[in-house]
Each structure stands twice: as C-alpha cells, then as structure tokens.
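Student: Structure incoming, see below.
Read-outs throughout are calculated quantities, based only on the coordinates presented, and are distinct from any laboratory measurement. Values in this document were obtained by computation on a predicted structure and should not be read as measured data. Cβ placement follows ideal geometry from the backbone for every residue including glycine, while neighbour counts extend to all protein chains displayed.
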Amino acid sequence: MKKWLCAAATAGFCALSMTGVFADNLVLPQGEVLPLTDKVTVWNGQSSFLGTYVSEFLESDNLVKTLEKEFTKAGIFNEKHKQNAEELAKLTASLLKNSRMYQVRSEVNNTFYTGFVVSMPVSDKDKAALERLIDESVLSEKGVQDSKKPVQDILGEALGRALNKENQAVSVSDVSKVREGKSQKGIDYKEVHAHVLINQSGLLLPVYAGGFSLENKEGTTYNLILTDETAGNYFEPILQEALRRASR
C-alpha cells in the first residue's frame, strides 16, 4: 500500500501543458477516458497560475539538480542511501516528459468548485525502479517501523522540510484505505485520499489530496487531484463513479 501511495504522490511533481477544453471527459495520457458528469468541465493546466509556474520549473536547465536537492532536503533517504536522491531525481525528470496537468471545474447552486489533476504514466520498468528506491527510503515498511511513526507523519515532516519555510508546518491526516476495483470496461484501478493541513504563521490552509491509478498494458497511470476540502468532497464521488465507468 505504501509503495502505491508514494508512487502516486510522486505525480505531484509532474505536470506538462495542454490546450483546449475536454467537455465532461477526463482523457489521460495513455488513452483512458474518465466520464465526468455534464456539470464538470476539464480545462488545460497551462493557463492556470499553477500550470504557468510548473511549466517554468520544468523548463529549467537544472531540473535534475533541483529535484535531487529537494529530495535530499526532504530527508527521503538516510545517509546509507543518500546517493539514491540523484537516481530518483533523474527518474522523476524523465517521467515529467510524459506527464500532463488538467484543471477540473464545476458550478452548482452558485458555488464554484475547481481542482488540479496531475497525470503521470509510468512503465512497468520505471515502476520497478521506483519501487526499489521507495524500498530503500524512509517511506518503506522498514523505514516506517524504524522511525516508529505513522507514514502520514513522515510524509508531513518530509513536506515541511522540502518547503523549508519559516513558521510553517505541514501535517497529513485521515489517509483512507486504498480502494481497489475494476471498471465496467475491465480496467483495474485504485483510489485513495488524504487531508493535508498547512499552518503558515497561524493561518491554516486545508488541502484535499486524492490519488487514483489505472492499469494498462504498458504500466500504470498515476493521478493526483489537489483542491480545497469542500471541493474535494464534491469531486470525490464524481471521480469514483468515473473510475467505475472508465474506458479506453
């Protein structure tokens, strides 16, 4: 479970630009189609504030070095495996090339909901490499046991160190169990969600993080939706129904 959670979370680093509006269907990089309700529209990620910021970050000539520095700062690997930060950075940078970011929007009863969806296809070969790196990290089963802390606390501390902001704390809570299923068209999928609370100088910023993955012949497509808690509770059942109806 923790391997899958960490692999899905890695999608949070990944987003590439897209153009156009995709009506009520969320079309993922490997061709999977998630039919959302007619009240939800899917927009490109590049035109958003976050999309512009991420695009500039991905175009950096020092992308691998920057990622390596962030992984090291986050304390994902201990001293024995610190060299893995560079390997993980190279793998992540490579996966970025095939990743996409979307924005989902909906307006119901004069209430506007929006969220960012990041989609990262990972081949079986890259997934094996990613799982090996996770096995040697503080997020592995052994790493969690050695620290004697719940995985959500370790994730929160890692996020806090990576952000490296004064007077800022990050906590991860209410991590749901991974729910597995098969769509009506025979696509295997997994789904999980958690709540992230950012405390910036006493200002609390609650964030909803939902992860879902779909299996295909080439590997697995990992996806992450980030939004506020109200919008997260709105989109969650819509995405769960879309996963049940997913097709190619």
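Student: Considering only Cα-Cα distances, which of the following residue pairs are longer than 21 Å: Lys73/Lys125; Lys185/Lys217; Lys125/Lys217; Lys182/Lys217; Lys65/Lys217; Lys127/Lys190?
Tutor: Cα-Cα > 21 Å for Lys73/Lys125; Lys65/Lys217; rest within.
Student: Shifting gears a bit: Need the full-extension length gain, Arg105 to Asn233, defined as separation in residues times 0.36 nm minus the C-alpha distance. One decimal, nm.
Tutor: 44.7 nm
Student: May I pose another question? Tally Lys and Arg at +1 and Asp and Glu at -1 over the other residues with C-beta under 15 Å from the C-beta of Val27: what net charge comes out?
Tutor: Within the 15 Å Cβ shell, the charges total +2.
Student: Between Asp61 and Thr41, 0.36 nm times their residue separation minus their Cα-Cα distance comes to what?
Tutor: Gain on stretching Asp61 to Thr41: 3.8 nm.
Student: Dipole magnitude of the stretch 45-100 about its Cα centre, charges +1 at Lys/Arg Cβ and -1 at Asp/Glu Cβ only, in debye to the nearest 20?
Tutor: My answer is approximately 140 debye.
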